[in-house]
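Since the structure comes first, as structure tokens, the remarks are kept for the end.
Each value in this text was obtained by applying a stated rule to the coordinates, not by laboratory testing. Quantities reported herein were computed from a predicted structural model and do not represent experimental measurements. Heads up, the Cβs are rebuilt from the backbone with ideal geometry, glycines too, and the neighbour counts pull from every protein chain shown.
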């Protein structure tokens with residue numbers, strides 16, 4: 001006995017009509033399909049979280065993905081050149097004195113050991129993994145896009161020339177534009 005399979009009656013549409021309907025459906029779906037991109041949003045200024053962010057970024061690039069990293073508030077310290085105080089207003093100088101000057105000054109989120117935690121981790125990492133500064137340089141050379149949150153710049157008193165990587169200064173709308181089109185988005189706080 002032959003099984004009956006119910007199929008849509010395609011006889012009522014011409015081939016051209018069917019193609020037009022398919023193209024219309026495809027046009028509706030295309031904006032919802034994620035692109036081969038990764039978005040990493042870094043709020044944290046902790047050493048271990050910055051390491052994780054750059055390992056993920058460099059790993060994604062190695063897999064052929066396009067990567068954008070968005071740095072906001074404390075995360076901005078990860079890609080700063082150093083502590084810059086000249087020409088800043090008093091409140092911005094205070095903020096900059098309280099924050100790490102650069103990636104070399106970041107402390108781990110746990111096991112800080114009263115300030116020697118970073119040195120301890122550097123010794124443990126030696127010969128096993130690349131230092132954070134090397135990871136940042138690898139990401140830069142690999143073409144990772146770096147975005148810095150413009151409200152963070154204004155609040156914390158950072159200038160456009162304080163970065164070890166080329167940055168696009170933008171707001172959260174640009175971050176969302178990237179994150180919503182990415183296959184994967186990470187928020188590291």
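Simple spin-label estimate for residue 119 and residue 137 gives 2.3 nm between the two label positions (7 Å along the Cα-to-Cβ direction from each Cα). Every pair of different Cα atoms in the range 36-134 enters the Kirkwood calculation, which places the hydrodynamic radius at 14.6 Å.
Estimated purely from DSSP H runs of n ≥ 4, each contributing -39500 (n - 2.57), the mean residue ellipticity at 222 nm for the chain is -12000 deg cm²/dmol once divided by its residues. Helix 132-141 and the longest principal axis of the C-alpha atoms of the chain enclose an angle of approximately 50°. Here the chain was treated as a single set of alpha-carbon atoms; its pair distances binned every 5 Å from 0 give 1, 7, 14, 16, 15, 12, 8, 5, 4, 3, 3, 3, 3, 2, 2, 0, 0, 0 percent. Ranked by the mean number of other Cβ atoms within 10 Å per residue, highest first, peptides 49-62, 128-141 order as 49-62, 128-141.
The mean sequence distance of close C-alpha pairs (under 8 Å, at least 6 residues apart), as a share of the length of the chain, puts its relative contact order at 32 percent. Listed peptides 70-80, 179-189, 20-30 appear in the order 70-80, 179-189, 20-30 once ranked by packing, highest mean of other Cβ atoms within 10 Å at the front. Grab the beta carbon distance between residue 160 and residue 128, set R0 = 35 Å, and tell me the FRET efficiency rounded to 0.05. Approximately 0.45, to the nearest 0.05.
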